[in-house]
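Only one structure is covered here, and it is reproduced in the block below.
The values are calculated or read from the model by the stated rules, or taken from the named source; none is laboratory data. The structure displayed is predicted, hence computed values, not measured ones. Note that each Cβ is placed from the backbone with ideal geometry, even for glycine, and that neighbours are counted across all protein chains shown. The protein model used for the area step is the full one, side chains on, heavy atoms only, and it has no ligands, DNA or RNA in it. Shrake-Rupley method; radii C 1.70, N 1.55, O 1.52, S 1.80 Å.
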Amino acid sequence: MPATFTKSALLLSLWLGLGQVQAASEPGPTALATRLGIPHPAVIAHRGASFDAPESTVAAYKLARDLGADYLELDLQRSKDGVLFALHDNNLQRTTDVASKFPERRDSPANAFTMAELKTLDAGSWFNTAYPDRARPSYAGLKILTLDEIIDIAQGNPLHKPGLYIETKEPKQFPGIERDLKDKLHDRGWLSPAGSKLAKSELAVGQGKGKVILQTFEKSSLELLQKEMPQVPKILLLWVGEGSIEPKSKVPFAESGEKDKAAYYASQAPKDKAEFQRWVDYAKAQGAIGTGPSATLTKGGDQSYSDLVQPWMNQYTHDQGLLVHVYTVDDAVDFQKVMDAGVDGIFTNRASELLKFYKRPAAASVDQLLKNIGY
Ligand code: G3P
Ligand code: CA
């Protein structure tokens, strides 16, 4: 059966007299997700449950897991001595105390530090300062995590095993990281999903064939990921700007007259329809199973970007046989908006809220779950 779900295919089946039964079995995003072992719609915990706990730390990932998120999302980097670890930013200033522990190296990229050096940093206290209403004394001193440690967390709750949704972050800084990732996933048994019986169970996501999804903004990394791990689902992340979709207007933020970056990004659009379609077509041609487009958030903020989940965009992507996982959405008004527009899953900092929205609420509150895991 072709992996596309075009209106023309549906019309053809009706014309051939195949009727409603055949029409109902036409492939669509739900069927594609099911075939790939990916929940539909998917709850992707962006840097863990990073609204409620410091991003990419043990508290954030254990909380996301115990809430029942489908995937733990992480940005992959490699230390100076070759250890794979999770960190979003290029350097350590925003989320650690690098300025006091290594003042002369405060601006250095994270990959200029050995894993032992990274492990000396406090990756939790910044959160208490930035978000006093969500602060917990136990967050102070949380550590940067290796990929091995995140795998341990994903496997650590017998009642719910989430998958991993791994981004190669700034992959040009890390030649060979796609191969390193493959070796690690292979060594940890994450490239050999369990059988179909288990994949249908409650524990499915982290044990079935959709247990790992790979994501990148970089075309070159997508190609390397496909070469190294052709059997693993991949997403091409999309945004409007340098290195990705060409914008209609090339006026930079400083000259745009917009009051903040969120407003500037919200005003950015692809150069034209064909430019958007070219990126989707490229993703498909390279073996991706979907795209990860940005969203414009109602409240703005530093994770609000161009609106790349307009209904026609999602329809076009679906027509190519691809899924749409939008980043990064936290509020019910925006959950509703992007679902109405047709997305197949959401990256969120607030897995607890998205699970409620999907009528899959966690068994306990965020506060209780954090207490259960010692925070
Ligand atoms: O990976 C999806 C989303 O995380 C992309 O944005 O900058 O938060 O990694 P970023
Ligand atoms: Ca990411």
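Return only the number of the condition from (1) of a type in the set (D, E, K, R); (2) modelled with pLDDT of 95 or more; (3) away from ligand 2 (no atom under 16 Å from the Cβ) that GLU167 does not satisfy.
With respect to (1) of a type in the set (D, E, K, R); (2) modelled with pLDDT of 95 or more; (3) away from ligand 2 (no atom under 16 Å from the Cβ), GLU167 is out only on (3).
Mind checking which residues of the stretch 240-256 are open to solvent by less than 50 Å² (accessible area, probe 1.4 Å) and assigned to a helix (DSSP H, G or I)?
If the condition is that a residue be open to solvent by less than 50 Å² (accessible area, probe 1.4 Å) and assigned to a helix (DSSP H, G or I), then SER256 is the only one that fits.
Which of the following residues is part of a loop (DSSP other than H, G, I, E, B) and either closer than 27 Å to LYS172 by Cβ or in contact with a Lys or Arg (Cβ under 8 Å, 6 or more places away or on another chain) (or both): LEU76, LEU72, LEU121?
The unique qualifying residue is LEU121.
Of all the residues that make up the stretch 340-356, how many are open to solvent by 20 Å² or more (accessible area, probe 1.4 Å) and within 16 Å of the chain's Cα centre (by Cα)?
Result for the stretch 340-356: 1.
Taking the stretch 302-339 as the search range and keeping residues that are within 16 Å of ligand 2 (Cβ to nearest atom) and open to solvent by 10 Å² or more (accessible area, probe 1.4 Å), which one is farthest from ILE213 (Cα to Cα)?
Of everything passing the filter in the stretch 302-339, ASP302 is farthest from ILE213 (Cα to Cα).
What number of residues within the stretch 357-373 are open to solvent by 90 Å² or more (accessible area, probe 1.4 Å) and outside any helix (DSSP H, G or I)?
So the answer is 2.
For the stretch 257-277, how many residues meet the condition of being surrounded by 15 or more Cβ atoms within 10 Å (Cβ to Cβ) and farther than 19 Å from LEU297 by Cα?
Number satisfying all stated conditions: 4.
Can you tell me which residues in the stretch 203-227 are part of a helix (DSSP H, G or I) and either without any contact (Cβ under 8 Å) to a residue 24 or more places away in the chain or surrounded by 19 or more Cβ atoms within 10 Å (Cβ to Cβ) (or both)?
Within the stretch 203-227, SER221, LEU222, LEU224, LEU225 qualify.
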